[in-house]
Amino acid sequence: MTVNEIFSAAVSNGASDIFVTAGKVPSFRCNGVVLPARGETPVAAAEINSFREALLDEFRLQKVRKKLPM
């Protein structure tokens with residue numbers, strides 16, 4: 001599941017929150033209940049890295065890479 005697919009699924013399901021953790025299926029909070037994405041496989045650590053690259057600007061990426069607080 002790509003980051004865009006995750007966002008699309010969240011919007012389609014009226015989710016207020018998205019939870020993405022390496023080794024787990026993405027989950028969405030809908031009407032106060034956290035539900036896993038149906039039919040999806042767990043997210044690999046490499047996918048988390050690609051999400052981070054897609055979502056953060058260079059300044060924040062550098063901070064993450066240096067493990068400094070944002």
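Rounded to the nearest 10 degrees, the inclination of helix 45-55 to the longest alpha-carbon principal axis of the chain is 80 degrees.
With every protein chain left in place, what is the accessible area per residue of the chain in square angstrom, probe 1.4 Å?
Values: 5000 Å² over 70 residues.
Per residue, the chain has 71 Å² of solvent-accessible surface.
Rounded to the nearest 10 degrees, the inclination of helix 3-12 to the longest alpha-carbon principal axis of the chain is 30 degrees.
Where does the charge balance sit around Leu61 when Lys and Arg score +1, Asp and Glu -1, over other residues with C-beta under 9 Å from its C-beta?
Local net charge: +1.
Using the Karplus relation 6.51 cos²θ - 1.76 cosθ + 1.60 with θ = phi - 60°, the per-residue 3J(HN,Hα) values for segment 26-36 come to x, 10, 10, 8, 10, 6, x, 10, 8, 10, x Hz, with x marking Gly and Pro. For the chain, the dipole from Cβ point charges (+1 on Lys and Arg, -1 on Asp and Glu) about the Cα centre works out to 340 debye, to the nearest 20.
Close amide-amide hydrogen proximity is noted between Val25 and Val43, each under 5 Å apart and 5 or more residues distant or on a separate chain (H modeled in the peptide plane; Pro and chain starts excluded). Across the chain, the volume of the C-alpha convex hull divided among the residues equals 98 Å³ per residue. Ser16 exposes around 80 Å² of accessible area when a 1.4 Å probe is run over every protein chain in place.
Carbon-plus-sulfur fraction of the accessible area of the chain, 1.4 Å probe, in percent? Kindly include the intermediate steps, with their values, before the conclusion.
Working: 2790 of 5000 Å².
Ligands and nucleic acids excluded, carbon and sulfur reach 56 percent.
The values are calculated or read from the model by the stated rules, or taken from the named source; none is laboratory data. Since the model is a prediction, treat every value here as computed from it, not as a measurement. Cβ sites come from the backbone with ideal geometry, for glycine too, and all protein chains shown count toward neighbours. Only protein heavy atoms, including side chains, enter the accessible area calculation; ligands, DNA and RNA are left aside. Shrake-Rupley method; radii C 1.70, N 1.55, O 1.52, S 1.80 Å.
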